[in-house]
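Values quoted throughout were computed directly from the atomic coordinates according to the rules given, and no laboratory measurement underlies them. Note that the structure is a prediction, hence the values are computed from the model and not measured. Here the Cβ positions follow ideal geometry from the backbone for every residue, glycine too, while neighbour counts run over all protein chains shown.
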Amino acid sequence: MIDRLSRNPLALAGAVLLAALVGAAAMWGLQRVAPGRLGVTDTARVEAVVREYVLAHPELIPEAMDRLRDRQMSKLIDANHKAILEPFGGAWIGNPKGDVTLVEYYDYNCGYCRASLPAIAELVARDPKVKIVFREFPILSEESIVAAKLSLAAAEQGKFKAFHDALYAGGQLTPQSMTAAAKQAGLDMTKAAAMTSRAEAEIATNRSMAQQLGLTGTPSWVIGDKVVSTALTLEELEKAVREAREKS
């Protein structure tokens, strides 16, 4: 446990915060009962009791860390609402006024992202109140970056889903498959070339936010105040949606 905490600053901060809060609460309670009567010896005894309690109930540490992380993430997401929750153009599916928004950070060259497609489609089919926002996070290859730029161009032209579906249906990500998907979606390549700088700026923003959110790969998700860097099954997505609804 100590080794894991030392490698995770947020976890260590949570553990320290927990100990501090428990200790402060104990001291406050005793001062309320006997104001001004706690000497050095009494304080030491209280600290010993608090220490023993935390050691006897180590399960409080991960619980406190989870709550601290959720609170910090909630604040970060709220402060960056547009950069995280508002899609670039038409890069979204589902209910435009959904009560829960799921944000997927993905890479077209990511096999786990591809494997997540059926679960995403089924979630939208089962739950008419969810909205899925797709954020380009090309980190695996140069082809990933090209595909992301084309996808953003498609989103700006109102053809995101057509391009998204065509590119995934085209198999392995190659210059040929990207060209075919763009043609099938009816993408205006002249307009796509003209918005290159905006696409690059969007990708840079997504990468910056991914770093702040602590994303470690693709696919990664932002669901309510939860941030998860792994592929999720349909059941896990539905559970995350339920939890987000309960908190809202």
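Ranked by the mean number of other Cβ atoms within 10 Å of their residues, highest first, the peptides 192-205, 126-139 fall in the order 126-139, 192-205. Our coupling estimate for the range 202-215, obtained by passing each phi through the Karplus curve with A = 6.51, B = -1.76, C = 1.60 and θ = phi - 60°, is 5, 4, 5, 5, 4, 5, 5, 5, 4, 5, 5, 7, x, 5 Hz, Gly and Pro reported as x.
Just list whichever of Lys129/Lys183; Lys97/Lys159; Lys131/Lys159; Lys82/Lys131; Lys161/Lys191 have alpha carbons separated by over 26 Å in the model shown. Cα-Cα > 26 Å for Lys129/Lys183; rest within. A straight chain from Lys239 to Thr174 at 0.36 nm per residue would run longer than the Cα-Cα distance by 19.9 nm.
What dipole magnitude, in Debye to the nearest 20, does the range 82-247 give about its Cα centre under +1 on Lys/Arg Cβ and -1 on Asp/Glu Cβ? Mind dumping the intermediate values first?
Working: 19 positive and 20 negative charges, 67 e Å.
That gives the range 82-247 a dipole magnitude of about 320 debye.
Using R0 = 41 Å, the C-beta based FRET efficiency linking His57 and Tyr112 works out to 0.65.
For Glu47 and Thr216, the FRET efficiency from 1/(1 + (r/R0)^6), where r spans their Cβ atoms and R0 equals 41 Å, is about 0.65.
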